[in-house]
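Structure first, commentary second.
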Amino acid sequence: MAFFAISRSDPLRLLSTTDLVRENDKLNDECTHLHRAVSSHATVDQAIGALLVLGQIGPEDSWDVLRETSQHTNRKLHTVAEEILAFARDGTLTDDIRVALEAALSKRQPRKADAPSAESERDPDEADRGGADPGGATRGAHRHEPSST
């Protein structure tokens, strides 16, 4: 007994059993591919989070570091992501990924000289007042404001 179904892409064509088996195989392959993609995406997202914390950089920079490391080591993105997660768990990392990761991170982390010092963060008016004025009692006392006359 033969079974027939209507094709989704071509509703006027009936599908034979052989066509149905092919369509089923195609859908199974697509499903397997999508499962792998979702799993890989989750691994990449977790690695971005690990780089965000360990590298003290933002999410976009974390993505760029992961992508660059993958390109420079000639490894798939999900493979590098898995290795970074393994490093976050047990502290081991292959030499080629470590070198590429350090290079990519060094481009994005602020240098010590670039970080603002405590001196440059002070209020510029504080120097004019001769020190901090926690109560604000002398605020404006040293400024000469023009009179309105």
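The values are calculated or read from the model by the stated rules, or taken from the named source; none is laboratory data. Computed from a predicted model, the values in this text were never measured in an experiment. For neighbour counting, all protein chains shown are included, and Cβ atoms are generated from backbone atoms with ideal geometry for every residue, glycine included. Please note that ligands, DNA and RNA were not included when accessible areas were found on the heavy atoms of the full protein model with its side chains. Shrake-Rupley method; radii C 1.70, N 1.55, O 1.52, S 1.80 Å.
Observations on the structure shown:
- Reported count of residues in the range 88-112, each being open to solvent by 70 Å² or more (accessible area, probe 1.4 Å) and in contact (Cβ under 8 Å) with a residue 24 or more places away in the chain, is 1.
- Looking only at the range 74-113, and only at residues there that are within 21 Å of G58 (Cβ to Cβ) and outside any helix (DSSP H, G or I), the one that is modelled with the highest pLDDT: K107
- Residue in the range 53-76 that is under 15 Å from the mean Cα position of the chain (by Cα) and of a type in the set (K, R) present: yes
- Within the range 27-60, the set of residues being open to solvent by 50 Å² or more (accessible area, probe 1.4 Å) and part of a loop (DSSP other than H, G, I, E, B) comprises Q56 only.
- Here R75 fits the description: of a type in the set (D, E, K, R), open to solvent by 50 Å² or more (accessible area, probe 1.4 Å) and touching a residue at least 12 places away in the same chain (Cβ under 8 Å).
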